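A short reminder: the numbers here are calculations on the coordinates, not readings from a lab. Nothing here was measured: the structure is a model prediction, and the numbers come from that model. Heads up, the Cβs are rebuilt from the backbone with ideal geometry, glycines too, and the neighbour counts pull from every protein chain shown.
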Amino acid sequence: MTLSFDSITVGDELPLLTKTPGREQLVKYAAGSGDFNPLHYDADFAQAKAIGDNIVHGRMKYASLGQVVSDWAGHAAVVSSISCQYRGMDLQGKTFTVGGTVTSKDESARTVEIDVWTKDASGAVTTPGKATLRFR
Amino acid sequence: MAFELTDEMRAVIGVEGKPWPVEFTSTGIRGFARGVGYTDPVYYDVAAAQAAGYANLPAPPTYSGIPVFIPGQNDDRYGAPLATDQPHLRHGLKNVLDGGTEHHYVRIPVAGETLFSTGKVANLEVKESRALGTMLVITSESTFRDAAGEVVFTTRGQGIFY
């Protein structure tokens with residue numbers, strides 16, 4: 001079902017995404033993004049050993065903020081801007097969730113603003129961000 | 001540690017490098033969508049993309065394409081173009097954290113397009129942090145233009161050096 005602009009209310013929550021990317025998924029992300037930092041897939045890499053495990057690419061979490069918005073809006077809208085801050089690490093093989101809340105709606109511009117985030121298993125926000133959607 | 005911005009550092013602000021071609025291909029978009037974990041067919045199936053109103057597979061949000069890679073002219077690990085003559089910022093700080101990223105779209109790129117990115121240092125700021133001490137926050141900006149020279153999207157990123 002296609003999301004309609006008229007049906008959106010400030011405070012609406014986007015359906016959550018849950019992800020548990022292991023090394024195989026992070027290798028796929030490395031190939032897709034072009035970021036081959038071994039910190040994300042090589043268990044013997046010194047920095048991964050120091051941290052205790054490989055960590056999820058921050059940019060993969062950023063892309064997941066885009067995904068939670070895209071999955072919600074379908075293609076009734078396009079993302080006109082998206083941003084995030086990298087606040088905390090997520091380890092490979094651990095679950096994180098991705099969500100968002102509509103914070104404002106501009107009837108004349110047909111845009112909505114959304115606060116988006118990833119949270120680790122303890123509920124700590126590791127990647128807060130914002131997105132603006134422009135409806136067609 | 002004592003760290004101060006010098007005139008030499010400030011001189012790089014706003015100086016753009018040469019444009020570098022960045023490809024958006026159907027294979028590249030599928031690979032990125034797969035890496036992120038999308039199941040939406042619009043990012044995989046051209047017929048689904050066209051039914052959704054795109055000329056070809058659209059770039060998923062945050063996907064910036066793949067810079068054309070030529071050995072010796074790109075960073076071997078990250079693929080970023082090095083041979084753009086963008087002035088190098090010499091600050092001597094050894095550690096780095098990725099602070100944040102943003103994308104601002106005029107329109108969504110689709111598979112089959114080659115855009116041209118130009119990069120620059122947009123801002124330099126010295127901050128104090130309880131955890132890291134004195135930090136240099138470098139804001140980098142890239143502008144992606146199409147073959148006609150029209151801006152398609154811009155990105156900004158904050159690198160935190162300490």
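Miscellaneous remarks
- With the simple spin-label model, which puts each label point 7 Å out from Cα in the Cβ direction, the A:ARG136 to A:MET89 separation comes to 4.2 nm.
- Pairs of Cα atoms farther than 23 Å apart, the protein assembly as shown, %: 58 percent
- Cut-off of 10 Å, at most 14 other beta carbons, DSSP loop: longest stretch of chain B lacking such GluC sites (Glu not before Pro): B:5-149
- Net dipole in debye of segment B:38-162 [+1 Lys, Arg Cβ; -1 Asp, Glu Cβ; about Cα centre; nearest 20]: 420 debye
- Global size of chain A: 16.3, 54 Å for Rg and Dmax (C-alpha atoms, Rg to one decimal, Dmax whole).
- Farthest toward positive dipole pole in the protein assembly as shown [+1 Lys/Arg, -1 Asp/Glu at C-beta], among B:THR84, A:GLY88, B:ALA55: A:GLY88
- The aspartates and glutamates within cross-link reach of A:LYS119, meaning a Cα-to-Cα straight distance under 14 Å and a gap of 8 or more places when in the same chain, are A:ASP90.
- Placing unit charges on the Cβ atoms only, positive for Lys and Arg and negative for Asp and Glu, gives segment A:1-104 a dipole magnitude near 240 debye about its Cα centre.
- For segment B:1-55, diffusion coefficient by Stokes-Einstein and Kirkwood Rh (Cα), 25 °C, 0.890 mPa s, µm²/s: 162 µm²/s
- Rounded to the nearest 20 debye, dipole of the protein assembly as shown from Cβ charges on Lys, Arg, Asp, Glu: 260 debye
- Rh (Kirkwood; distinct C-alpha pairs) - chain B, Å: 17.4 Å
- Between helix B:26-36 and chain B: long-axis angle, C-alpha atoms, 0 to 90°, nearest 10: 60 degrees
- Above-threshold pairs, the threshold being 26 Å between Cα atoms, out of A:LYS105/B:LYS120; A:LYS130/B:LYS120; A:LYS49/A:LYS94; A:LYS94/B:LYS94: A:LYS105/B:LYS120; A:LYS94/B:LYS94
- Placing unit charges on the Cβ atoms of the charged side chains and taking the dipole of the protein assembly as shown about its Cα centre, the candidate lying farthest along the positive direction among A:ALA43, B:VAL96, B:ASN123 is A:ALA43.
- Cβ-defined net charge surrounding B:TYR78, 15 Å radius [Lys, Arg +1; Asp, Glu -1]: -2
- Within a Gaussian network of chain A (alpha carbon springs, distance under 10 Å), most fluctuating of A:ALA50, A:ALA63, A:ALA76: A:ALA50
- Computed from the Cβ-Cβ distance with R0 of 41 Å, the FRET efficiency linking A:ALA43 to A:SER108 stands at 0.20.
- Interchain or long-range residues, amide H under 5 Å from B:VAL68's placed H: B:VAL22, B:GLU23
- Extending 7 Å from the Cα toward the beta-carbon at both B:THR84 and B:VAL96 defines two label points whose distance is 1.3 nm.
- For B:GLN73 and B:ILE13, a Förster radius of 30 Å and the Cβ-Cβ distance give a FRET efficiency of 0.75, rounded to the nearest 0.05.
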